[in-house]
Each structure stands twice: as structure tokens, then as C-alpha cells.
Amino acid sequence: MTLRVAPSNTRTQLVESACRLFAAHGYAGASISSIARELGLSKQALLHHFGSKGALYSLAVEQAAAAVLQLLFDAMDDDHSPEDQLEAFFASYQQLLSARPAAGQLVLRELLDNALTTQVGGAFATLLESLVATVQATERWQGAGAAGALGVVTQLIGAASLPPSAEATLHARFGGATVETARSQCAAISAELVSGLLRR
């Protein structure tokens, strides 16, 4: 059997594909064989290229978290208040979830499943720590400590990430027209939720 090894310039595309698979099935639900098959590689080629399922998962989480973290950095303008920065971030996050739902789904899955086998670091940890610090800088949440700010962050990420993550289930239950209408309202609902939680 001839092994198909992906060229290095397609590595990012392979990680993005793996991100979608892990987002859809979770770490436990996505076998290395099914990932290899979906990526058009042999299992041996995938393991040669990435080392292990855990390493591929870590790369996928980091790539997804880096995309979300870039949105936060883009929103962090010194001329704007932390409240404005977070509102801008969550508006951009909603747009990312519409364009690339797997990124948000995978961040949410990792928050729920804690499947990373090594100490969480990199973009994923920086994303969480930066969001908590920015919430702590708001007038409403100053003095609430990391626990209060973390509560706000997890509520907002969860509320933003759940609708696109549950879309297939909701579509099967309520139909496409209802889900489409709900999708169009999610951004407005999210903006109200963000503003309500961040401002006095």
C-alpha cells in the first residue's frame, strides 16, 4: 500500500478539516481512522504527519482558539472602553461562528470536555485569560475577582456558541425556516446579552 503524505503547505488545511471533525464528534467520538479517512490519508500517514490523535487535537484546538483570540486582539483598541472592546469582540465572534462554526464549536467542546491531555497553554489559555482580564477591567466587574469575570466569560461564550453548535439538532426538530429565522435573531440577542452583563 502506498502512503499518501500531505505536503507541508496543506498542513493548515488538514488541521482545519480535523477541527471540523473534532467539533462535530468530540475528541472521544472522532477516531484516528475516521479522521484519516475524512482527510484522504492513510492512518499511518496521518500519524506520521501529526504524531498522534492527541497532538492533532491539540493543534486543532490551538488553531481554533488562535482565530478567536485574533478577534479579541482586533477589538482591543486603547481608545475604547473594555465594555466596547468586549461588545466588538462578541459581535465579531458571532460573525466567525456564522462563517466558520467549527472554530467556536471546538472551543466550546474543549471547555466542556477538557480533552487536552497536556497542560493547557498557548492560544486557548491566552484567550480565556485575556477575556477574564478584559471583563475584570469593566466598571461593573471591577472588584468581582477572577471568579466573577470567569462566570461572565463562560456565560457569554456559551450563549454565543450554542446556537450554531446545535443547529443540526434544531433543524431536525423545528425545520429550516424556523432555524433560519432564529439564526438571524441570534446576533441581536447576543448583543443585548453582552451589553446587559457588562454594563450597569
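Residues in segment 144-167 that are aliphatic (A, V, I, L, M), in a helix (DSSP H, G or I) and open to solvent by 20 Å² or more (accessible area, probe 1.4 Å): how many?
So the count comes out to 5.
With the structure loaded, tell me whether residue 26 is in contact (Cβ under 8 Å) with a residue 60 or more places away in the chain and at positive phi or whether it fails that test.
Considered against the rule, which asks whether it is in contact (Cβ under 8 Å) with a residue 60 or more places away in the chain and at positive phi, residue 26 comes out as yes.
Pick from 117, 138: which is hydroxyl-bearing (Ser, Thr, Tyr) and modelled with pLDDT of 90 or more?
Working: 117 fails: modelled with pLDDT of 90 or more.
138 is the lone residue from the list that is hydroxyl-bearing (Ser, Thr, Tyr) and modelled with pLDDT of 90 or more.
May I ask you to list pairs of residues, at least six apart or on different chains, whose Cβ atoms are under 8 Å apart, with the first in segment 139-150 being closer than 15 Å to residue 82 by Cβ and polar (S, T, N, Q) and the second being open to solvent by less than 80 Å² (accessible area, probe 1.4 Å) and modelled with pLDDT of 95 or more?
Close Cβ pairs satisfying both conditions: 142/136.
Can you pull out every residue in segment 179-188 that is in contact (Cβ under 8 Å) with a residue 12 or more places away in the chain and open to solvent by 50 Å² or more (accessible area, probe 1.4 Å)?
Residues satisfying the conditions are 183, 187.
For segment 1-29, how many residues meet the condition of being open to solvent by 90 Å² or more (accessible area, probe 1.4 Å) and modelled with pLDDT under 80?
6
Let me confirm something: among 97, 108, which residue is assigned to a helix (DSSP H, G or I) and touching a residue at least 60 places away in the same chain (Cβ under 8 Å)?
97
Do we have residue 20 as under 16 Å from residue 108 (Cβ atoms) and either of a type in the set (Lys, Arg) or outside any helix (DSSP H, G or I) (or both) here? Can you show your working first?
On the way: under 16 Å from residue 108 (Cβ atoms): yes; either of a type in the set (Lys, Arg) or outside any helix (DSSP H, G or I) (or both): yes.
Against the criterion (under 16 Å from residue 108 (Cβ atoms) and either of a type in the set (Lys, Arg) or outside any helix (DSSP H, G or I) (or both)), residue 20 qualifies.
Can you tell which of 62, 83, 87, 110 is among the acidic types (Asp, Glu) and under 9 Å from the mean Cα position of the chain (by Cα)? Lay out the reasoning, then the answer.
Values: 62 fails: under 9 Å from the mean Cα position of the chain (by Cα); 83 fails: under 9 Å from the mean Cα position of the chain (by Cα); 87 fails: under 9 Å from the mean Cα position of the chain (by Cα).
From the options 62, 83, 87, 110, the qualifying one is 110.
Pick from 72, 59, 39: which is hydrophobic (A, V, I, L, M, F, W, C), within 18 Å of residue 124 (Cβ to Cβ) and either buried (at least 21 other Cβ atoms within 10 Å of the Cβ) or touching a residue at least 60 places away in the same chain (Cβ under 8 Å) (or both)?
Values: 59 fails: either buried (at least 21 other Cβ atoms within 10 Å of the Cβ) or touching a residue at least 60 places away in the same chain (Cβ under 8 Å) (or both); 39 fails: within 18 Å of residue 124 (Cβ to Cβ).
Among 72, 59, 39, only 72 is hydrophobic (A, V, I, L, M, F, W, C), within 18 Å of residue 124 (Cβ to Cβ) and either buried (at least 21 other Cβ atoms within 10 Å of the Cβ) or touching a residue at least 60 places away in the same chain (Cβ under 8 Å) (or both).
Could you check segment 84-141 and list, in sequence order, the residues that are crowded, with 22+ Cβ neighbours inside 10 Å and small (Gly, Ala, Ser)?
The answer is 102, 103, 104.
Find the residue count for segment 72-86, including only residues that are under 19 Å from residue 142 (Cα atoms) and assigned to a helix (DSSP H, G or I).
Selection size over segment 72-86: 5.
The values are calculated or read from the model by the stated rules, or taken from the named source; none is laboratory data. Predicted, not measured: the structure shown is a model, and the values here were computed from it. Glycine gets a Cβ as well: all are built from the backbone with ideal geometry, and neighbour counts include every protein chain shown. Calculation scope for accessible area: heavy atoms of the full protein, side chains included, ligands and nucleic acids excluded. Shrake-Rupley method; radii C 1.70, N 1.55, O 1.52, S 1.80 Å.
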